[in-house]
1. Restricting to the stretch 199-218, name every residue that is at pLDDT below 95 and of a type in the set (A, V, I, L, M, F, W, C).
2. Take the conditions free of Cβ contacts under 8 Å to residues at least 40 places away in the same chain and crowded, with 21+ Cβ neighbours inside 10 Å and apply them to V182. Does it pass?
3. Check whether at least one residue in the stretch 352-368 is in contact with a strand residue (DSSP E or B) (Cβ under 9 Å, 6 or more places away or on another chain), at pLDDT 90 or above and in a strand (DSSP E or B), and report yes or no.
4. In the stretch 333-376, what count of residues is obtained for those that are of a type in the set (A, V, I, L, M, F, W, C), out of contact with any helix residue (DSSP H, G or I) (no Cβ under 9 Å at 6 or more places or on another chain) and farther than 26 Å from D296 by Cβ?
5. For the stretch 110-131, give me the residue count where each residue is part of a helix (DSSP H, G or I) and either touching an Asp or Glu at 6+ places or on another chain (Cβ under 6 Å) or within 24 Å of A171 (Cβ to Cβ) (or both).
6. Among the residues of the stretch 58-84 satisfying the criterion of being without any contact (Cβ under 8 Å) to a residue 40 or more places away in the chain and aliphatic (A, V, I, L, M), which is surrounded by the fewest Cβ atoms within 10 Å (Cβ to Cβ)?
7. Among the listed residues A164, A191, A123, A142, identify the single one that is exposed (fewer than 15 other Cβ atoms within 10 Å of the Cβ) and within 21 Å of the chain's Cα centre (by Cα).
Amino acid sequence: MRPGEAYLYAMTPFNNARSAPNDLTEADEWALSIGISRAKDQCEQLREQKLADEDLLAYGKLCILGQDFDPARSSLIDYLAIPTAKAPEVGRLLLARAFIGLRWIPSAESQVESLVSLYPYDASIHLAFDMVIDAAEASDDADDLAVASRLNELQLPHILDALAHAGQNPANVVPPSNGDSVDISFVVRDALRIADSLRRAYKPEDATKIVDQTMTDTAIPAVINSAAWPVIQAELARYDLFQKPSPVRVFHGAELPATAAMPTAHAVLLYDPDPAAHRIVRHINASTTSVRMTDDRTLVLVFSLAGPASDSAIHAMVNRLALDHVTPGLKVIAVTTFTANIGQETPTQEVINSIRGFRAGLPAALPVYIVPDSELKPFAIDSWPAAILIDGKGRVLWINTLTGQPGAIRQMERDMESMPPPLPQ
């Protein structure tokens, strides 16, 4: 088969599953796994063939699907060297993906920089920024983390320009391309992501400018009357909760045991009831000694059956904490509401059984609760999974929905691992 035909052959099971009635996510994953296996096999079979022109692009696409990134990289570099290449923008997008697969994050950054300098800013380029930034934030390497900061700075003017033109077409605030589109709520999310990184870097004035412009550009009839408006309001509400007192001090929920036992009523405190018991942690190096107080923090993982990444994200967080738990006194719980699952607080037995089935797949030691929607609603969680980090005084240290991607999860972990501010002298 030619590379393009091999790619279609590899994707057939996944495409068939996607078009089937009453399809299930498990079927998608199963079919895609077959496609990946086929693509990898075809990538290896075609590796020794001499390819030219558009076949180089198709081969790169095939190998990326098969997660065979080195031959994809080589083929796409050869493709971009062709003066008459028909789709060089696609080639650079795929090459960035290949570099991410190889964990060459600065090389992926260079492709994004080239895309911005060579082509008009569109949905594909916007998504490429998000992809590389997430990969950078998933790493603990200082050079990789620096990529996220540089790309945030490079992407910001394009985000603000898109929001400035939101009144023209909120549904396509970033011009669509290659079948991709970016809803304005995602553009707002990215603007707030950059603002959050600035306020955490002790640049609150720069962060405030971004938020103020975002609020001004979206507070227009074309956006307010769009389906994205409730999502934008929730994003701004979550952003504003940072370092503020938690709107809820106690969850009154039914705890779901890992066994078949009946749920039990339970009150979960979202603050430290015994602040006098705070631990003192001393850090001593060759020249200085610092003393910090630590308090008992609570990490709330919010899940829903409607959020496919809920299961994998919760397992990733819990597993990482078990291996690298550097935050003293961290309490981790998982919560959901009936409204988050079915849109109302009156459940059917089928829904209750489904939630119990989901709970059975979570770690037995993880406390899991069904709480009233009225107690979760003030946190403005509108998609799942999500995470809320609250300190011992009941202040929100971090709150956001999670994509389930490694970068979002690792950034959450960094905030959990960060120490409280130093004690005043």
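1. A201
2. no
3. So far as the stretch 352-368 goes, yes, one or more of its residues are in contact with a strand residue (DSSP E or B) (Cβ under 9 Å, 6 or more places away or on another chain), at pLDDT 90 or above and in a strand (DSSP E or B).
4. 1
5. Residues flagged as part of a helix (DSSP H, G or I) and either touching an Asp or Glu at 6+ places or on another chain (Cβ under 6 Å) or within 24 Å of A171 (Cβ to Cβ) (or both) within the stretch 110-131 amount to 11.
6. A81
7. A142
The values are calculated or read from the model by the stated rules, or taken from the named source; none is laboratory data. The shown structure was predicted, so the numbers you read here are calculated from the model rather than taken from an experiment. Quick reminder, even Gly has a Cβ in these numbers, built from the backbone with ideal geometry, and neighbours come from all protein chains shown.
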